[in-house]
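These notes are about the structure you will find just below.
Taken together, the values in this text are just the output of simple stated rules run on the coordinates, not laboratory data. Just so it is clear, the structure is predicted and the values come from calculations on it, not from any experiment. Heads up, the Cβs are rebuilt from the backbone with ideal geometry, glycines too, and the neighbour counts pull from every protein chain shown.
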Amino acid sequence: MRETLLDLLVAPGSFNALTLEHASRSNGEINAGILTDGDAHRFPITDGIPRFVRTDDSGQIQTADSFGFKWGRRDSYDDGAMAVTSRAWQLERYGMSSSQELRDVFASHELVLDAGCGSAFSSSLWLDEGWTGEWVGADISSAVDVARDRIGALPGTQFVQADVLDLPFADGTFGAVFTEGVLHHTPSTERAFHSVARLLRPGGELFAYIYRKKSAVREFTDDHVREQLTSLTPEEAWEALRPLTALGQALAELKADVVVPEDVSLLGIPAGTYDVQRLIYWHFAKLFWNPDWTFEENHHINFDWYHPTYAHRHTEAEIRQWCADAGLEVIRLHDEEPAAYTLRARRPR
Ligand SMILES: C[S@@+](CC[C@H](N)C(=O)[O-])C[C@H]1O[C@@H](n2cnc3c(N)ncnc32)[C@H](O)[C@@H]1O
């Protein structure tokens, strides 16, 4: 880690100043050491990353292990095909015409926290050699080490292993917080929302992707499958889910449409013409399949959905209420996708 990261860090919980002890440095960076808060709390720096996680919530630990595993499987997402689709999808959700425009919006805020950065997949869709701001990636899992390997050579990047519910930053530290698909993976999405909202300076912006409640049968299936998988190791769950991905592929390969002639309100299905795989995907069971991706890439998406213990789903009213409670103005709430809401909100000056 660079010395400048020390200027941003405080002890999680107490927000006391931290002192660096037993530091070992090379090439101007701190590789190892201990951060202490003068209150008997000690946070190690290992492999150049300060480590602050101290949760004992078993559901959160399982969720973190699951994500540490999947982001470590770079062969299942990092060969470019997923980035192409995901970049277009990200721009549409945030209402941007190019990744450069999104990068420039973040750069205008100077200091950005990617809260729950994982391997920095979403940030790496816009963060590149042209980045002029400071970007800090924080994740509860070992994925933060993968993030450092993937994008640590880019200018202005820093990495912290930390829990969004217990972050080592004082209120008002950041100009922007980017949190894509993270808050709902904690014990409480609402608490996580407020935990990142407090970090925004006046004029600062929150960019968040938050799962949305689905129709009743899909919600039932999601919980039913997840209940069977969460007690498995990530490796076991990855294997157990293969037939589900294969079924998604078989349905997609039918290339058949079905017309739902009128709203089926009892099942929450609007009238319309659906590809068969999409109808089942949105309303009965998440059997993700994108024909432009490999089997492993598609499988990565299904694993991401079903294995973590915490994957809460929310309504637009809840998200608007959290913004109001946090004193944030909603700038944009993208609701055109049945899977999730994409929020852009600002702390007034
Ligand atoms: C779906 S992944 C998204 C990663 C990244 N935001 C992206 O879009 O590429 C969710 C991430 O949230 C992280 N996460 C879950 N609970 C967290 C918590 N309490 N604090 C920090 N990160 C958390 C997981 O470890 C995982 O990397």
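Tell me the angle of helix 99-108 to the major Cα principal axis of the chain, expressed in degrees between 0 and 90 and rounded to the nearest ten.
Approximately 40 degrees, to the nearest 10.
Just flag the GluC sites (Glu not before Pro) in segment 50-155 sitting in loop per DSSP whose Cβ has no more than 10 other Cβ atoms within 10 Å.
E129
Using 0.36 nm per residue of separation minus the Cα-Cα distance, give me the extension gain between T273 and R2 in nm, one decimal.
Details: separation 271, 0.36 × 271 = 97.56 nm, distance 5.40 nm.
Gain on extension, T273 to R2, equals 92.2 nm.
Based on alpha-carbon atoms only, what is the radius of gyration of segment 216-306 relative to the globular estimate 2.2 N^0.38 Å? Numbers along the way, then the final one.
Values: Rg = 13.9 Å, N = 91, 2.2 N^0.38 = 12.2 Å.
Compared with the compact-globule rule of thumb, segment 216-306 sits at 1.14.
Rounded to the nearest 500, what is the 222 nm mean residue ellipticity of the chain from helices alone, with -39500 (n - 2.57) per DSSP H run of 4+ residues and division by all residues? Please list the in-between numbers first.
On the way: 11 runs with 122 residues, N = 349.
Calculated mean residue ellipticity at 222 nm is -10500 deg cm²/dmol.
If you fit an axis through the alpha-carbon atoms of helix 216-229 and take the longest principal axis of the Cα set of the chain, what angle between them do you get, 0 to 90°, nearest 10?
60 degrees
Report the label-to-label distance for R54 and D335 in nanometres (one decimal), using points 7 Å from each Cα along the Cα→Cβ vector.
Using points 7 Å along Cα→Cβ, the separation is 4.1 nm.
Place a label point 7 angstrom from the Cα of D257 along the Cα-to-Cβ direction, then list the residues of segment 263-287 whose backbone nitrogen is under 20 Å away.
In segment 263-287, the label zone of D257 (backbone N under 20 Å from the point 7 Å along Cα→Cβ) covers 263-264, 269-283.
Could you work out how far the C-alpha centroid of segment 39-92 sits from that of segment 268-305, in angstrom?
That distance is 24 Å.
So, how do all the Cα-to-Cα distances of the chain break down into 10 Å bins, in percent, from 0 on up?
In whole percents, the pair-distance histogram is 5, 24, 34, 24, 10, 2, 0.
May I ask you to list the residues of segment 199-223 whose amide nitrogen lies under 18 Å from a point 7 Å from Cα along the Cα→beta-carbon direction of F284?
Backbone N within reach: 214-223.
Could you tell me what a quarter of the Cα convex hull surface of segment 111-245 works out to, in nm² with one decimal place?
Averaging across all directions leaves 9.7 nm² for the Cα convex hull.
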